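Chemist: Mind having a look at this structure? Questions to follow.
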Amino acid sequence: MSKLWGGRFTKKTDQLVEEYTASIMFDKELAEEDIQGSLAHVTMLGKQGILPAGDVEKIKDGLHRVLQRIKRDDIEFSIGDEDIHMNIEKTLIDDVGPVGGKLHTGRSRNDQVATDMHLWLRKRVVEFVDMLHKLQAALVEQAKANIDTIVPGYTHLQRAQPILFAHHLMAYVSMFGRDIERLQDSYKRINVLPLGAGALAGTTFPIDRHFVANQLKFDRVYENSLDAVSDRDFILEFLADASIIMMHLSRLSEELIMWSSTEFHFVELDDAFCTGSSIMPQKKNPDVPELVRGKTGRVYGNLAGLLTVLKSLPLAYNKDMQEDKEGMFDTVKTLQGALQLFAPMIATMKVNKDRMRQAVNQDFSNATDIADFLVNKGLPFRQAHEVIGKTVLYCIEQNKYLLDLTLEEFKQFSTLFDDRIYAVLQPEQVVNARNVYGGTAKSQVQDAIGRADAALAETAAWVAEYLERSR
């Protein structure tokens, strides 16, 4: 059979050109969405009297049969038919006869492919919100289990001040919460219908774009036909959101890798999420967080790649835009793999509370509280800072920690010291002294967990609502 668009041509397409320009190898991922859009389109054609009711029913029945064959993996897609749209249309014509060729009335592959990607990506976005919700829930549960576990907090990867381990985990709950908000907000720009824009200028047929939008549960339609077929901002936005999510996962991965090392030994990842060495039998390698950290780069690359593709494109559709899909598909697959593993990995992670406490007891992360103690005694902070710096230096030279010093040793640096300093230096006191909104005090972290529980319930409700809407 000749090309469905071949009437103007006198030569067959060169085989190398067919192979180079075909997209069916990857855009077959859009098969179900393509049929979903076609069913809404042909229903509208019937409603508007553009196609006879009998033709509409034949086409719809044929599309349903084609869909079932796709689900059974019973169709061999052809490079000769270029893309998923032409492959489905040819399969439909083979099934119902020439009437299948009427399906394309009032539309173009340009608005068709854009519609497919909007349909496909909006479903993925809801799925990712759900996955992030599960990861947040796992982190919150670990935070609840470690509400009394104290760990060194770091700046510059140097011990800074003691904090609750729960507080550290809740920082990631906040990060992933922002990721959820970004995805939810992007849904508004994904859930816009391009169909009806035609190739670039609309169509001469009296179509009803808003009816199709309602059929496909889109919130609105594109206002401008040129913009409708050339817009890929919604994909760029998703790739940017995905890049930020992967960056957050990579940061957490780095900490899990360090914490599970012998040098830290703060946590142990479950065996199910680690691998061994082919030569060193004692090894337990944190391969999952390492690979997530590594795969972050490919997600960044997909964003940079599409930005580069689009940076100089004139309106409207250009073949360059075929390059919008592979990076999107790859990012979705990469992010799915990471998020599917992360929630259970966090849920099964064992926390070495004793090792964390030992680390807190063997550092100078409580030094700031001595300075605050002296400030409350009336000493200016800059002078207090100098006093404590000299005190810490003395401890280092004497191979001691602050709680090891006698009161006489403290007083050689300032006569303002009294025996209350020992209570001030206790890790629990250091943590709970930071009783400000967002601080590491136990009461503040408990409040943060309570707020997170409420947010988790809201996210679960959002996911349930939007999954139902996209069905």
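Chemist: Could you give the size of the charge dipole of the chain about its Cα centre, using +1 on the Cβ of each K and R and -1 on the Cβ of each D and E, expressed in debye and rounded to the nearest 20?
Modeler: With only Lys, Arg, Asp and Glu charged at Cβ, the dipole is about 400 debye.
Chemist: For a label point 7 angstrom out from the Cα of residue 390 toward its Cβ, which stretches of region 323-367 have the backbone nitrogen within less than 18 Å?
Modeler: 367
Chemist: Can I ask one more? Please list, in order along region 364-381, the HN-Hα scalar couplings obtained from phi with the Karplus expression 6.51 cos²θ - 1.76 cosθ + 1.60 (θ = phi - 60°), rounded to whole Hz, x for Gly and Pro.
Modeler: Coupling constants for region 364-381: 10, 6, 8, 5, 4, 5, 5, 4, 4, 4, 5, 4, 5, 8, x, 7, x, 4 Hz.
Chemist: With θ set to phi - 60°, apply the Karplus curve 6.51 cos²θ - 1.76 cosθ + 1.60 along region 353-362 and write out the HN-Hα couplings as whole Hz, x wherever there is a Gly or Pro.
Modeler: Here the 3J(HN,Hα) series is 5, 5, 5, 5, 5, 4, 5, 5, 6, 10 Hz.
Chemist: Whose amide H sits under 5 Å from the amide H of residue 267, counting only residues 5 or more places off or on another chain, with H placed in the peptide plane?
Modeler: Residues meeting the amide H criterion: 260, 352.
Chemist: As I understand it, the dipole of region 308-392 uses +1 on the Cβ of Lys and Arg and -1 on the Cβ of Asp and Glu, about the Cα centre. Which of 327, 338, 378 lies farthest toward its positive end?
Modeler: Positive-end residue among those listed: 378.
Chemist: In Å, the Kirkwood hydrodynamic radius of region 363-444 over pairs of distinct alpha carbons?
Modeler: Evaluated on region 363-444, it is 13.1 Å.
Chemist: Residue 313: net charge of surrounding residues, Cβ under 12 Å, Lys/Arg +1, Asp/Glu -1, itself excluded?
Modeler: -1
Chemist: Further, regarding this structure: Check residue 163: other-chain or 5+ apart residues with amide H under 5 Å from its amide H, H built from backbone geometry?
Modeler: Excluding prolines and chain starts, which carry no amide H, the hits are 151, 153.
Chemist: I've got another one for you. If one takes the longest principal axis of the Cα atoms in the chain, at what angle in degrees, from 0 to 90 and to the nearest 10, does the Cα axis of helix 31-47 lie?
Modeler: 50
Chemist: At 222 nm, what value in deg cm²/dmol follows for the chain if DSSP H runs of at least 4 each add -39500 (n - 2.57) and the sum is divided by all its residues, to the nearest 500?
Modeler: -20000 deg cm²/dmol
Chemist: At 0.36 nm per residue, and after removing the present C-alpha to C-alpha distance, how many nm does the segment from residue 400 to residue 233 gain when stretched out fully?
Modeler: Taking 0.36 nm per residue and subtracting the Cα distance, the gain is 54.2 nm.
Chemist: Turning to a different aspect of this structure: Could you tell me how many cubic angstrom of Cα convex hull volume region 362-403 has per residue?
Modeler: So the per-residue Cα hull volume is 56 Å³.
Chemist: Same structure, new question: May I ask you to list the GluC sites (Glu not before Pro) in region 202-299 that are in a DSSP loop and have at most 13 other Cβ atoms within 10 Å of their Cβ?
Modeler: 223, 263
Chemist: Loop only by DSSP, 10 or fewer other Cβ within 10 Å of the Cβ. Give me the chymotrypsin sites (Phe, Trp or Tyr not before Pro) in region 414-469 that pass, ordered by residue number.
Modeler: Taking region 414-469 and a limit of 10 other Cβ atoms within 10 Å, the loop chymotrypsin sites (Phe, Trp or Tyr not before Pro) found are 437.
Chemist: Across region 51-67, in residue order, what do the Karplus-derived ³J(HN,Hα) couplings come to in whole Hz, using 6.51 cos²θ - 1.76 cosθ + 1.60 with θ = phi - 60° and x for Gly and Pro?
Modeler: Each residue of region 51-67 in turn: 10, x, 4, x, 5, 4, 5, 4, 5, 5, 4, x, 4, 5, 5, 4, 4 Hz.
Chemist: Let me ask something additional. Among all the lysines, which ones have a C-alpha under 22 Å from residue 311's C-alpha, if same-chain residues fewer than 8 places away are not counted?
Modeler: Cα-Cα hits under 22 Å: 319, 325.
Chemist: Let me ask something else. What full-extension length gain, to one decimal in nm, is calculated for residue 304 and residue 262 as 0.36 nm per residue of separation minus the Cα-Cα distance?
Modeler: Residue separation times 0.36 nm, minus the Cα-Cα distance, leaves 11.4 nm.
Chemist: By count of other Cβ within 10 Å, fewest leading, how are 370, 396 ordered?
Modeler: Least to most surrounded, the residues fall as 396, 370.
Chemist: Over region 247-403, one equal point on each Cα, no solvent: what is log10 I(q)/I(0) by the Debye formula at q = 0.09, 0.13 Å⁻¹?
Modeler: Values returned for q = 0.09, 0.13 Å⁻¹ are -0.58, -0.82.
Chemist: Additional query: On a 0 to 90 degree scale, rounded to 10, what angle separates helix 325-347 from the longest Cα axis of the chain?
Modeler: Helix 325-347 sits roughly 40 degrees off the main axis of the chain.
Chemist: Next question, about the same structure. As I understand it, the value is the acute angle between the Cα axis of helix 109-145 and the longest principal axis of the Cα atoms of the chain; what does it come to in degrees, rounded to 10?
Modeler: Computed tilt is about 20 degrees.
Chemist: Would you please give the residues with an amide H less than 5 Å from that of residue 275, counting only those at least 5 places away or on a separate chain, with H modeled from the backbone geometry?
Modeler: Those qualifying (amide H under 5 Å, at least 5 residues apart or on another chain) are 285, 287.
Chemist: Select from region 67-124 those GluC sites (Glu not before Pro) which occupy a DSSP coil region and have at most 15 other Cβ atoms within 10 Å, ordered by residue number.
Modeler: In loop regions of region 67-124 (DSSP not H, G, I, E or B), the sparsely surrounded GluC sites (Glu not before Pro) are 76.
Where a number appears in this text, it was derived from the coordinates with a stated rule and is not lab data. These figures come from a predicted structure and were not determined experimentally. FYI the Cβ positions are ideal-geometry reconstructions off the backbone, even for glycines, and counts take in every protein chain you see.
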